[in-house]
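Step one of this worksheet: look at the structure below.
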Amino acid sequence: MSVLELNHPLIEHKLSILRDKNTGTKEFRELISEISCFLCYEAMRNAKLKKTEIETPLEKIEIGRLEEDKYAFIPILRAGMGMLDGIINVVPNAKIGHIGMYRNEKTFEPVNYFFKVPNEIEKREVFLLDPMLATGGSACDAIALLKEKGVKAINFLCLIAAPEGIKRVEQEHPDVKIYCAHIDEKLNKNKYICPGLGDAGDRIFGTK
Ligand code: PRP
Ligand code: URA
C-alpha cells in the first residue's frame, strides 16, 4: 500500500477542531503544526540511523543517530508552509526547499511559480508537505519537478486526502508513499475536499 492514514483518537480529536469553521487562525496554525509532527514521526519510522559512540554519565554506548541533513522537507507554497514549523522543531537540521504552486480557479490545474531546493537534492530523501491532496494535480506536478532533478526517494505528507488525489498520485507516481492524517469522502464540483476543512492556505494565513 502506498498510502498510510494516521488512525488515532488524538488525531481525530485534533482534526475535529481543525475542520470546525469557527476555529480561528491561531489555533488552526497550531493544529496544522502539531498534526504535521505526528505525520513526520510516522513517515520517518524506517529512517536509517548511523551508529555513534557516546558516553552517558555511567558508560560508553553505541547508539543510532539520525543524519538529519540527508533529508529535505519541501513545502508546496503557500499552505505547505503551515506544516513546516512543527516539523523543523523535531528535525531541526534537515534541509528545506520550496515549491510554489497555485490552482487555477477555473481549470483547477496547478501553476508552478517557484522552485528552489537544497543542493545535491538527488542524494536526499524528500518529504513534500501540503495539507491538502485534492485532485492530486499539484502533488503530481511537484513530484515530477523533483524527479526531473534526479530525486529518487519521495514521500508526500498531507493532512486531508481525497480518494481522487490518492488515485492520481498512485497512478502517476506509484513509487511515492503518501502519509495523511485522514482520507475524506470526495471532491465537490469546485474540487474542494468534502467534508474537508475549506481552503487551507486562506485559513493558515487569514487571507479570507
Ligand atoms: C491548495 C493546496 C494544494 C492544492 C491541492 O493550494 O494547498 O496545493 O490546492 O489541490 P489539487 O490536489 O487539486 O492540486 P492552492 O492552490 O489553494 O494554493 P495556496 O496554498 O496558495 O492557497
Ligand atoms: N485546496 C484547499 O485548500 N482545500 C481543498 O479542499 C482543496 C484544495
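Observations
- Selected from Ala153, Ala181, Ala79 as most flexible by GNM, with the chain as the system and alpha-carbon contacts under 10 Å: Ala153
- Tilt relative to the chain, helix 25-43 - C-alpha long axis, 0 to 90 degrees, to 10: 50 degrees
- Footprinting exposure proxy for Phe115, Phe73 (fewest neighbouring C-beta atoms within 10 Å first): Phe115, Phe73
- The length gained on full extension between Asp202 and Glu27, counted as 0.36 nm times the residue separation minus their Cα-Cα distance, comes to 61.6 nm.
- Alpha-carbon spread of segment 36-138, three principal axes, descending order, Å: 64, 27, 20
- Charged side chains reduced to their Cβ positions (Lys and Arg at +1, Asp and Glu at -1) give segment 85-208 a dipole of some 100 debye around its Cα centre.
- Take the Cβ atoms of Asn190 and Leu10, set R0 to 41 Å, and the FRET efficiency comes out at 0.85.
- Translational diffusion coefficient (Stokes-Einstein; Kirkwood radius from C-alpha pairs) of segment 1-40 at 37 °C, 0.692 mPa s, in µm²/s: 303 µm²/s
- Counted by neighbouring Cβ atoms within 10 Å, the residues Leu31, Leu157 run from fewest to most as Leu31, Leu157.
- Packing-based exposure ordering (other Cβ within 10 Å, fewest first) of Glu120, Glu59: Glu59, Glu120
- Scattering profile of the chain at q = 0.09, 0.13 Å⁻¹ [log10 I(q)/I(0), Debye over alpha-carbon scatterers]: -0.34, -0.69
- Structure remark: mean-square fluctuation, Gaussian network model of the chain, C-alpha springs under 10 Å; the largest value among Ser16, Ser138, Ser33 belongs to Ser16.
Quick note: the coordinates plus some simple rules give every number you see, no bench work behind them. Predicted model only: the values in this text are computed from it and were never measured. Note that we place each Cβ from the backbone using ideal geometry, even for glycine, and neighbour counts take in every protein chain shown.
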